[in-house]
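The block underneath contains the structure these notes are about, expressed in C-alpha cells.
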Amino acid sequence: MFFSLAINPIVFSIGSLPVHWYGLILGVGALAGLFLAIQEGKRFNIPQEFFMDLLLLGVPSAIIGARIYFVAFKWEDYKDNFIDVFKIWNGGIAIYGALIGAIICGIIYFRYKGYPFWRIVDICAPGLLAGQMIGRWGNFINQEAYGGVVEESFLRDKLHLPDFIVNQMYIGDAFHHPTFLYESLWSLLGILLLMVLRRQNFVRAGEIFLSYFIWYSIGRFFIEALRTDSLGFNGSSGVASLINGLWSPMKWMGFEQGYLDPAYGNIRISQLLALLIILVAIVLIVVRRVTGQSSAHYSDPIVSTKAAAADSVVPDHAVNTPQSTPQAVQPKEEKAENGEPKE
C-alpha cells in the first residue's frame with residue numbers, strides 16, 4: 001500500500017504563530033521579481049527605491065485582488081463562513097485577480113511618480129512571470145491547483161519527476177497531474193522569451209507587457225483544463241464547444257481534461273478569460289502602432305515628468321542672488337601731465 005509523504009505546510013512556529021510555506025514562497029517570488037525589475041531599471045537610471053516602494057504597495061494590492069476574485073466566484077462556499085475569506089494561508093487566490101489588483105495599484109503609483117505606465121510595466125513583466133513561476137510551488141506544498149488523475153508511471157517514467165514531487169502528487173487515493181509544475185516551467189520559458197524580445201530594436205513601448213499577457217494566457221488556457229478546481233460558470237454550449245475544440249490538440253498528445261463540477265458550470269472562467277486577454281492584447285499592439293501611441297521604443301530613455309518639472313524650477317536663492325556677470329569695463333579717462341583730463 002502506498003503512503004503519501006505530504007510535506008508539512010507549516011515551516012515553523014513563532015510561539016503560537018505558524019509560518020506557512022505558502023506565504024514564504026510567495027515572498028520569495030516577490031523578491032525575485034523585484035530583483036529582475038531593479039536590474040533592468042538600472043539601464044534607464046530608475047532608482048531601486050522606486051521598485052522597492054512599488055513592491056510594498058503592489059504585493060498587498062495583488063493579494064487583495066486575487067482573494068476578492070476567487071471569493072467572488074466561490075461565494076456560495078464562503079457566505080456562511082465569512083471568516084474563512086481572510087484565511088488566505090489555506091490557499092484560494094486567483095492570478096488574474098492578482099494582476100487586476102497590481103495593475104490598479106501601478107496606475108496610481110506611476111502617475112504619482114510621473115512615470116509612463118507602459119514603459120514601467122514593460123520593465124516589470126519578466127518579474128511578474130518570475131513571481132508566478134516561484135509562487136506556483138506554494139500550490140505544490142498545499143496540494144492544490146493540481147490536475148486530473150494519472151498513473152504513477154506517467155509521473156516517474158514519462159515525466160521523470162523526482163520522488164518528492166511524485167509523492168506530493170499523491171492526493172486522496174490517486175496520483176494527479178502536477179499542473180503547478182507545468183505552469184511554473186511555462187513561466188520560466190516566458191521569462192527567457194521576454195528577455196530576448198526586449199533586446200530587439202523593433203519592440204515598442206507596452207509590447208513586452210502585452211506579450212507577457214499573451215504568453216501566460218496561452219499556457220494558462222491549455223493547463224487550466226487539466227485542473228480539477230477550476231472556477232466555472234454556465235455559458236452557451238457554442239462557447240463551450242469552441243473552447244473544447246481549441247483545446248483538442250492536448251487530447252492528441254494523450255492528455256484528458258480534469259473534472260469540472262457541473263454545479264459551477266460548463267465553462268472554465270480562466271480559459272475563457274485567457275482567450276479574451278490574448279485577443280485584446282493583440283488588438284492593443286496593432287492599434288497602438290497604427291495610431292502612433294507606441295511611437296517610443298522599449299530601449300528609449302525613460303524620464304519622470306515629476307523629475308523633469310523639478311529640474312526646470314529655478315531655486316529662489318538663484319533668483320535673489322545678485323548677478324555675478326562682470327559689469328562692462330568703462331574706459332579710463334586719459335589725463336594730461338598736469339592731472340587734468342584730456343579734451
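Apart from one condition, Arg199 fits all of (1) part of a helix (DSSP H, G or I); (2) over 14 Å from Gln132 (Cα atoms); the exception is (1). The single residue among Gly65, Gly92 that is out of contact with any strand residue (DSSP E or B) (no Cβ under 9 Å at 6 or more places or on another chain), within 30 Å of Ala263 (Cβ to Cβ) and outside any helix (DSSP H, G or I) turns out to be Gly92. Of everything in the range 245-265 that is free of Cβ contacts under 8 Å to residues at least 60 places away in the same chain and open to solvent by 70 Å² or more (accessible area, probe 1.4 Å), the residue that is farthest from Phe222 (Cα to Cα) is Ala263.
The set of residues in the range 37-55 being charged (D, E, K, R) and surrounded by fewer than 19 Cβ atoms within 10 Å (Cβ to Cβ) consists of Lys42, Arg43, Glu49, Asp53. Val11 meets all of the listed conditions (1) in contact with a helix residue (DSSP H, G or I) (Cβ under 6 Å, 6 or more places away or on another chain); (2) part of a helix (DSSP H, G or I); (3) surrounded by fewer than 17 Cβ atoms within 10 Å (Cβ to Cβ) but one, namely (2).
Quick check on Ala130: is it touching a residue at least 12 places away in the same chain (Cβ under 8 Å), crowded, with 18+ Cβ neighbours inside 10 Å, within 25 Å of Thr228 (Cα to Cα) and not charged (D, E, K, R)?
Yes; evaluated as a whole, the condition is true for this residue.
A count restricted to the range 266-296 and to residues that are part of a helix (DSSP H, G or I) and either closer than 19 Å to Tyr96 by Cα or free of Cβ contacts under 8 Å to residues at least 40 places away in the same chain (or both) stands at 19. Under the condition of being among the hydrophobic types (A, V, I, L, M, F, W, C) and over 17 Å from Trp137 (Cα atoms), the residues counted in the range 156-174 number 2.
One line per residue, one yes/no per condition, for (1) assigned to a loop (DSSP other than H, G, I, E, B); (2) open to solvent by 90 Å² or more (accessible area, probe 1.4 Å); (3) over 25 Å from Arg268 (Cα atoms):
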{"residue": "Ala6", "(1), (2), (3)": "yes, no, yes"}
{"residue": "Gly27", "(1), (2), (3)": "no, no, yes"}
{"residue": "Ala32", "(1), (2), (3)": "no, no, yes"}
{"residue": "Gly97", "(1), (2), (3)": "no, no, no"}
{"residue": "Ile107", "(1), (2), (3)": "no, no, yes"}
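Run down Ser241, Ser217 and say which single residue is out of contact with any Leu (no Cβ under 6 Å at 6 or more places or on another chain), outside any loop (DSSP other than H, G, I, E, B), hydroxyl-bearing (Ser, Thr, Tyr) and in contact (Cβ under 8 Å) with a residue 60 or more places away in the chain.
Ser217
Looking at the range 56-71, can you tell me whether even one residue there is more than 20 Å from the chain's Cα centre (by Cα) and either basic (Lys, Arg) or surrounded by 12 or more Cβ atoms within 10 Å (Cβ to Cβ) (or both)? Scanning the range 56-71, I find at least one residue that is more than 20 Å from the chain's Cα centre (by Cα) and either basic (Lys, Arg) or surrounded by 12 or more Cβ atoms within 10 Å (Cβ to Cβ) (or both), so the answer is yes. For the range 143-182, taking the residues that are in contact with a Lys or Arg (Cβ under 8 Å, 6 or more places away or on another chain) and in a helix (DSSP H, G or I), the one that is most open to solvent (accessible area, probe 1.4 Å) is identified as Leu181. Look at the range 188-209: where a residue is on the phi > 0 side of the Ramachandran plot and a partner is part of a helix (DSSP H, G or I), sitting 6+ places away or on another chain with Cβ atoms under 6 Å, you get Gly206/Trp118.
Of note, Ala281 satisfies the criterion of being surrounded by 14 or more Cβ atoms within 10 Å (Cβ to Cβ), touching a Leu at 6+ places or on another chain (Cβ under 6 Å) and of a type in the set (A, V, I, L, M, F, W, C).
The values are calculated or read from the model by the stated rules, or taken from the named source; none is laboratory data. Predicted model only: the values in this text are computed from it and were never measured. Here the Cβ is made from the backbone with ideal geometry for all residues, glycine too, and neighbour counts use every protein chain on show. Remember, those area values only see protein heavy atoms, side chains included, never the ligands or the DNA or RNA. Shrake-Rupley method; radii C 1.70, N 1.55, O 1.52, S 1.80 Å.
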